[in-house]
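Asker: For reference, the structure I am asking about is given below.
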Amino acid sequence: ERRCIDQTSTVDDVKATITKPLSLVDGKGRKECIGWLGSAKLDLYIFYDGEYQKGKEHNSYLRTFVQKINDIYKTGLPILNVTFTLVSKRQWVPGDDVFTSDRKSLDAERLKNKLQKYATIVENGWKKKHPDLPIDAFLFLTKKEIKNTTGDMVVSGISGQIGGICLEREKVAAATDNGNFSGVRGAARQLSFLLGSVLDGQGPPRELVRGSDGAQSCSYESGFLMGKENLTNGSLLSYCTPHEHIMGLRQRGPGCYE
């Protein structure tokens, strides 16, 4: 269903699947569409390293992992609910060349570059077999830590450019996960970058997400998904994040999120 929502709309109205902008009445009684409300459905392809157990138990784990990501994004209602669907998965071993010099961690930049190349290869094959089911994002889960060697610090994950959802080469993310769902927040955070978010408290991502106001009105210290880590709000979205997701999806068009 495609329709505008105005200031008199109820919460139930907003929870419907809506792809038209939020409308406000201007001084002349005309409706102005300034944002979106509703839900977006996206298809996710997961790569996992060789340390994950295979078989039915592993399949169930990945499905539950994605559901836990969706549970975080569901807290964006009534503004926007993003739902990822696991459409396929495969084991991927990045190779020795992505390790740091001490071989204890994966180098963040090398990993991203290699993940982008591998995802492109997989996607090209996928398009031939499934021309009507485009992949919106690729997520790599690894039990190894990921390290930003420039700053010499361990990070929870990496992603392509901000707002890179549905964009070839850029729609990739990776997160460290111990096999007991420790990486859910990290994965949700990296996918949120792809959806157009910046960290809470930061300004707009400029040309990367056209029209975005960023998240300056939300506090990093409050510890929501895009804020300071290890706080109780980590599985919740701040008020800013779903609005940023709206703008990130908007620039890609309905072909991305429907």
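Read-outs throughout are calculated quantities, based only on the coordinates presented, and are distinct from any laboratory measurement. The model shown is predicted, which means the values in this text are computed figures rather than measured ones. Glycine gets a Cβ as well: all are built from the backbone with ideal geometry, and neighbour counts include every protein chain shown.
Asker: Can you put 184, 154 in order, fewest other beta carbons within 10 Å first? Kindly include the intermediate steps, with their values, before the conclusion.
Answerer: Values: 184 21, 154 13.
Fewest-to-most Cβ neighbours within 10 Å comes out as 154, 184.
Asker: A further question follows. Alpha carbon centre of region 119-139 versus region 205-253: separation in Å?
Answerer: After rounding, the separation between the Cα centres reads 27 Å.
Asker: Now a separate question. Can you tell me the FRET efficiency between residue 206 and residue 152 if r is taken as the Cβ-Cβ distance and R0 is 35 Å, rounded to the nearest 0.05?
Answerer: On the way: r = 28 Å, r/R0 = 0.79.
Here the calculated transfer efficiency is 0.80.
Asker: Moving on. Hey, rough spin-label estimate for residue 235 and residue 124, points 7 angstrom out along Cα→Cβ, what's it come to in nanometres?
Answerer: Result: 4.1 nm between the two label points.
Asker: With an 8 Å Cα cut-off and a minimum separation of 6 or more residues, compute the relative contact order for region 39-257 in percent.
Answerer: Values: 455 pairs, mean separation 43.1, N = 219.
Reported relative contact order: 20 percent.
Asker: Quick check: net charge around residue 167, other residues with Cβ under 12 Å of its Cβ, Lys/Arg +1 and Asp/Glu -1?
Answerer: Numbers: positive: 169, 171, 252; negative: 123, 136, 168, 170.
Result for the neighbourhood of residue 167: -1.
Asker: So, one more: On a full-extension model of 0.36 nm per residue, what is the gain between residue 70 and residue 103, subtracting their alpha-carbon distance, rounded to one decimal in nm? Could the numbers behind the result be given before it?
Answerer: Details: separation 33, 0.36 × 33 = 11.88 nm, distance 3.33 nm.
Fully extending the segment from residue 70 to residue 103 adds 8.6 nm.
Asker: Would you grab the residues whose amide H sits under 5 Å from the one on residue 200? Only those 5+ places off in sequence or on another chain, please, with H modelled 1.01 Å from N.
Answerer: Excluding prolines and chain starts, which carry no amide H, the hits are 226, 227.
Asker: Take the cross-link list 41/104; 104/127; 144/171 and give me the ones stretching past 32 Å between alpha-carbons. It would help to have the intermediate numbers written out before the result.
Answerer: Details: 41/104 37 Å; 104/127 36 Å; 144/171 21 Å.
Pairs exceeding 32 Å: 41/104; 104/127.
Asker: While we're here: Nearest 0.05, what FRET efficiency do residue 93 and residue 221 give at R0 = 41 Å with Cβ-Cβ as r? Could the numbers behind the result be given before it?
Answerer: Values: r = 39 Å, r/R0 = 0.95.
Efficiency, rounded to the nearest 0.05: 0.60.
Asker: Sticking with this one: When a footprinting reagent is the concern and you count Cβ atoms within 10 Å, what order do 128, 74 take, fewest first? Show your work: numbers first, answer last.
Answerer: On the way: 128 7, 74 15.
Fewest-to-most ranking of 128, 74: 128, 74.
Asker: Moving to a separate point now. Only counting other Cβ atoms within 10 Å, I'd like 139, 231, 44 sorted with the fewest neighbours first. Don't jump to the answer; show the numbers that get you there.
Answerer: Numbers: 139 31, 231 12, 44 24.
Arranged by neighbour count, lowest to highest, 139, 231, 44 become 231, 44, 139.
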